[in-house]
1. What ranking of E92, E176, E97 emerges when the number of other C-beta atoms within 10 Å of each C-beta is taken as an exposure proxy, fewest first?
2. Using θ = phi - 60° and the Karplus relation 6.51 cos²θ - 1.76 cosθ + 1.60, list the HN-Hα couplings for the stretch 49-66 in order, rounded to whole Hz, with x at every Gly or Pro.
3. So what is the relative contact order for the stretch 58-189, in percent, with contacts set as C-alpha pairs under 8 Å and at least six apart?
4. Order these by the 10 Å Cβ neighbour count, fewest first: R181, R152, R157.
5. Starting from the amide H of F57, placed 1.01 Å from N in the peptide plane, find each other amide H under 5 Å away whose residue is 5 or more places distant or on another chain.
6. Let's test the formula: R0 of 30 Å, r as the Cβ-Cβ distance of K60 and N180. What FRET efficiency results, to the nearest 0.05?
7. Could you list which residues have their amide H under 5 Å from that of E118, counting only those 5 or more apart in sequence or on another chain, with H placed in the peptide plane?
8. Sequence neighbours fewer than 8 away in the same chain don't count; with that in mind, list the aspartates and glutamates whose C-alpha is under 18 Å from K127.
Amino acid sequence: MLGGVVLKNLDTIFNTMIKTILVSIFTLLIASTSFAQDRTPDERGFLVKVGDMAPDFTMKLTNRKTVKLSELKGKTVMLQFTASWCGVCRKEMPHIEKRIWKAYNKRGLLVYAVDKDEPKSMAKMLKKQTGISYPIGLDPDSNIFGLYAGMREGVTRNILIDKTGKIIFLTRLFNEDEFNRLVERIEKEFN
């Protein structure tokens, strides 16, 4: 009889502990989700600004290689958020190819297109149709994009990151004046 009471009490204590742990985990998940949702994009849709450390991520490229941003410290990196359906992206990509990638990749600049929310086949088609040779990474759930811009915001956007991992230039859409300033900022990094 006494053993049955002890076992019943232990069972109650165990169930209470499990419930407490599950409630704590659920609360932490809600809090972290709320934090991400509470971040308000700026007037251009960015969640980051010049001077911020670039949020880290791991991305699979269309050639099956994997890139982790934090492992690229010591290199200047440009991310171009893009998608196959984006006409402005398609217009900008040949300019990136010619004026940035071809001009600076041998000097150490790394450029990655980050294909937002599309399968590998679409990213490969985009690369072929635009004639670019710089690598394209996959962001199937837009999680990488969501580190840098509001999830409902659009592409094209470029993020220039210096050798320390700090964001040094941001562009939105394809504006020739802003694009020229991006190229000038890249040149400054290599002089």
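1. Result, fewest neighbours first: E176, E97, E92.
2. 3J(HN,Hα) across the stretch 49-66, in whole Hz: 9, 4, x, 6, 6, 5, x, 7, 7, 10, 9, 8, 8, 5, 8, 6, 6, 10.
3. Over the stretch 58-189, the number comes to 31 percent.
4. R152, R181, R157
5. Amide H neighbours of F57, under 5 Å, 5+ apart: L69, S70.
6. With R0 = 30 Å, the Cβ-Cβ based efficiency is 0.40.
7. For E118, whose amide H was placed from the backbone, the distant partners under 5 Å are D139.
8. E92, E97, D115, D117, E118, D139
We did not get these values from a lab; they are worked out from the coordinates using the rules stated. Since the model is a prediction, treat every value here as computed from it, not as a measurement. All Cβ positions, glycine included, derive from the backbone under ideal geometry; neighbour counts span all protein chains shown.
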